[in-house]
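Participant: Got a structure for you, questions after.
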Amino acid sequence: MVALLEFTKGAVVVLAGLGLLSMRHRDIWGIAESLLELLRINPHHHSVAVFIALTHRASDWKLWKVATIAAVYATGRFIESYGLWKERTWAEWFAIISGSAYVPFEVYELARRVTWPRVLILVINLVIVAYMVYLRLVARRERRAPHAGV
């Protein structure tokens, strides 16, 4: 299940990165304006103002940088997914480390404003990290078990 989740995260980021790259040499402001209108979003809302400011500063170079970061992130998710699917020890450690790295940011966001999606994301992440730690502890115990009787 965790491998499938990591694969899905990678696929979503790849699609988002490809979407960004498709905006090269296009009127990004026009696209953003159309998207806001389609979704019936108030352009005067603070979060939307931030989005609009980003579209004004977007350039082909910045789009390439974001797409490159997205590609690196997605590659990491795909590698982790493959390793978890094949039950590799390194992938379990990778999942523990990468999942734990998000926790401080998730807690910070939750402290700023409690919402159900933020709570859910934090809980899911903590469950995944705890499960990976559990798998590592069980594997360690199994390695030691044959030597305990000797």
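Participant: Using every pair of alpha-carbon atoms in the stretch 88-150, split the distances into 5 Å bins beginning at 0 and state the percent of pairs per bin, rounded to integers.
Facilitator: 3, 18, 21, 17, 13, 10, 8, 5, 3, 2, 1, 0
Participant: Just to verify a number: FRET efficiency for I124 and K65, C-beta to C-beta distance, R0 = 25 Å, to 0.05?
Facilitator: 0.30
Participant: Hey, another quick one. Over the stretch 88-150, what is the mean sequence separation of C-alpha contacts under 8 Å (at least six apart), divided by residue count, expressed as relative contact order in percent?
Facilitator: 45
Participant: Tabulate in residue order the Karplus-calculated ³J(HN,Hα) for the stretch 64-69, using 6.51 cos²θ - 1.76 cosθ + 1.60 with θ = phi - 60°, rounded to whole Hz; enter x for Gly and Pro.
Facilitator: After applying 6.51 cos²θ - 1.76 cosθ + 1.60, I find 5, 4, 5, 5, 5, 4 Hz.
Participant: Tell me, what HN-Hα J-couplings in whole Hz come from the Karplus equation 6.51 cos²θ - 1.76 cosθ + 1.60 at θ = phi - 60° for each residue of the stretch 115-127, using x for Gly and Pro?
Facilitator: 9, 4, x, 5, 4, 4, 4, 4, 4, 4, 4, 5, 5
Only the coordinates and a few stated rules stand behind these numbers; no lab work does. This one's a predicted model, so the numbers in the text were calculated from it and none came from an experiment. All Cβ positions, glycine included, derive from the backbone under ideal geometry; neighbour counts span all protein chains shown.
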